[in-house]
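Visitor: Here you go, one structure.
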Amino acid sequence: MIIDTHTHLDDEAFDTDRDELIKSFEDAGISRVVNIGADLKTSRSSVALAEKYNNIFAVVGVHPSETNELDEKALIELESMASHDKVVAIGEIGLDYYWDNVDREKQKFWFIKQLKLAKKLKLPVVIHSRDAALDTFEILKQEINGLCGGVIHCYSYSPEMAKEFEKLGFFFGIGGVVTFKNSRKLKETVSYLPLEKIVLETDAPYLAPVPNRGKRNSPLNLSYVLDEIAAIKGLDKAYIIEQTQKNAHALYPKLK
Ligand code: NI
């Protein structure tokens, strides 16, 4: 069955029909959904969702653009949330030079702090990296010893850069963007990557695939992403579902 490795179902975009939506996943062939925190508040709500629904798991962490809220006390709270049975990774953490609303040195500082937390807790990491390929790569390379793997979420760099992240053992999160007409670089990356390194993700409510581009995204749209990956790689859709499910479990060992 399909696993959505990265979504934000606690977002207010789902306030009107969250319960109904989550209950519809099984009939749509979606077995597990991993809900990702982007700050302290959404990390808490991710854990709460995971406690409420069997098919939801959580990831806790603070996104680079939200790192102004971090201090030692916040880090202790993240550590305590991460000890929950259903918290499968630390994220989304990383560097964002596109919005660039937090000082870059500060982003790096908290990225490294949260990588060290993941190592201490023996959890994988979910990486957010935008317009910051080289700095992200250098920090991951420097911190790779003792790291329990992870995923480059919404991968947006070149196929050449993908080779470098692949050497560090990372998975690649592929979602709606791969269906966009102007995503030539990502299609090339997907063509290059071994299927064993790809996990499916939506980043819902954002980045809905064609033909629903611009609308609210949900895990139900993953079928379009699967069609596109199948077309690019010339592989059977059922085979991609089976292999990406294995990959998701390899990425997140706590996912049951
Ligand atoms: Ni996200």
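Visitor: Rounded to the nearest 500, what is the 222 nm mean residue ellipticity of the chain from helices alone, with -39500 (n - 2.57) per DSSP H run of 4+ residues and division by all residues?
Guide: Rounded to the nearest 500, the figure is -12500 deg cm²/dmol.
Visitor: Okay, moving on. What is the set of long-range amide H partners of Gly94 at a cut-off below 5 Å, with H atoms built 1.01 Å from backbone N?
Guide: When sequence neighbours closer than 5 places are left aside, the close amide H contacts are His128.
Visitor: Taking a 1.4 Å probe, which of Arg18, Arg130 shows the most accessible area, and what order do the others take after it?
Guide: Of Arg18, Arg130, the descending order of accessible area is Arg130, Arg18.
Visitor: Once phi is turned into ³J(HN,Hα) by the Karplus curve 6.51 cos²θ - 1.76 cosθ + 1.60 with θ = phi - 60°, what whole-Hz value does each residue of the stretch 207-219 show in order, with x for glycine and proline?
Guide: Result, ordered by residue: 6, 4, x, 4, x, 9, 3, x, 8, 5, 8, 8, x Hz.
Visitor: From the phi angles alone, apply the Karplus equation (6.51, -1.76, 1.60; θ = phi - 60°) to the stretch 40-46 and give each ³J(HN,Hα) in whole Hz, x where the residue is Gly or Pro.
Guide: 5, 4, 6, 5, 5, 6, 5
Visitor: Write down the radius of gyration of the chain and its Dmax, each obtained from C-alpha positions, in Å.
Guide: Spelled out, the Cα radius of gyration and Dmax of the chain are 16.8, 50 Å.
Visitor: Turning to a different aspect of this structure: For the stretch 105-256, with every protein chain kept in place, what is the accessible area per residue (1.4 Å probe, Å²)?
Guide: On a per-residue basis, the stretch 105-256 sits at 44 Å².
Visitor: With r as the distance between the Cβ atoms of Asp100 and Glu166 and R0 = 22 Å, compute the FRET efficiency 1/(1 + (r/R0)^6) and round to 0.05.
Guide: 0.20
Visitor: May I pose another question? Strictly over 28 Å apart at the Cα level, which of Lys23/Lys233; Lys215/Lys237; Lys141/Lys254; Lys119/Lys246; Lys120/Lys187; Lys86/Lys187 would you flag in this model?
Guide: Lys23/Lys233; Lys120/Lys187; Lys86/Lys187
Visitor: Under 12 Å from the Cβ of Ser24, count the other residues' Cβ atoms, weight Lys and Arg +1, Asp and Glu -1, and hand me the total.
Guide: Result for the local shell: -3.
Visitor: Taking a spot 7 Å from the Cα of Asn182 along the direction of its beta carbon, which residues of the stretch 146-163 have an amide N less than 20 Å from it?
Guide: 154-159
Visitor: To continue, here is another question. In what order, largest first, do Ile22, Ile232 sit by accessible area if the probe radius is 1.4 Å?
Guide: Accessible-area ranking of Ile22, Ile232, largest first: Ile232, Ile22.
Visitor: Over the stretch 1-51, what relative contact order in percent results from Cα pairs under 8 Å that are six or more residues apart?
Guide: 48 percent
Visitor: Separation between the Ser83 and Glu51 pseudo-spin-labels, each 7 Å from Cα along Cα→Cβ, expressed in nm?
Guide: 1.5 nm
Visitor: Going toward the positive end of the dipole of the stretch 125-193, with +1 on Lys and Arg Cβ and -1 on Asp and Glu Cβ, which of Gln142, Ser191, Tyr157 do you reach last?
Guide: Going by the charge dipole, the pick is Ser191.
Visitor: Report, to the nearest whole %, how much of the accessible area of the stretch 133-256 belongs to carbon and sulfur atoms, 1.4 Å probe, protein only.
Guide: 55 percent
Visitor: Report, ordered by chain and residue number, the aspartates and glutamates lying within cross-link reach of Lys163, taken as a straight Cα distance under 19 Å and ignoring same-chain residues fewer than 8 apart.
Guide: Cα-Cα hits under 19 Å: Asp131, Asp135, Glu138, Glu143, Glu188, Glu196.
Visitor: Which one of Val87, Val210, Val34 has the biggest mean-square fluctuation once the chain is modelled by GNM with Cα springs under 10 Å?
Guide: Val210
Visitor: Quick check on the stretch 1-133: what does the Kirkwood estimate of hydrodynamic radius come out to from the alpha carbon pairs, in Å?
Guide: 15.1 Å
Visitor: Please identify, among Lys108, Lys86, Lys167, the residue showing maximal mean-square fluctuation in a Gaussian network model of the chain using a 10 angstrom Cα cutoff.
Guide: Residue with maximal mean-square fluctuation among Lys108, Lys86, Lys167: Lys167.
Visitor: In Å, what Rg and Dmax follow from the Cα atoms of the stretch 62-124?
Guide: According to the Cα coordinates of the stretch 62-124, Rg and Dmax are 11.6, 34 Å.
Visitor: Turning to a different aspect of this structure: Considering Cα pairs under 8 angstrom that are at least six residues apart, work out the relative contact order of the stretch 1-157 and quote it in whole percent.
Guide: Computed over the stretch 1-157, the figure is 18 percent.
The values are calculated or read from the model by the stated rules, or taken from the named source; none is laboratory data. Just so you know, these numbers come straight off a predicted model, no measurement behind them. FYI the Cβ positions are ideal-geometry reconstructions off the backbone, even for glycines, and counts take in every protein chain you see. Accessible surface areas use protein heavy atoms only, side chains included; no ligands, DNA or RNA. Shrake-Rupley method; radii C 1.70, N 1.55, O 1.52, S 1.80 Å.
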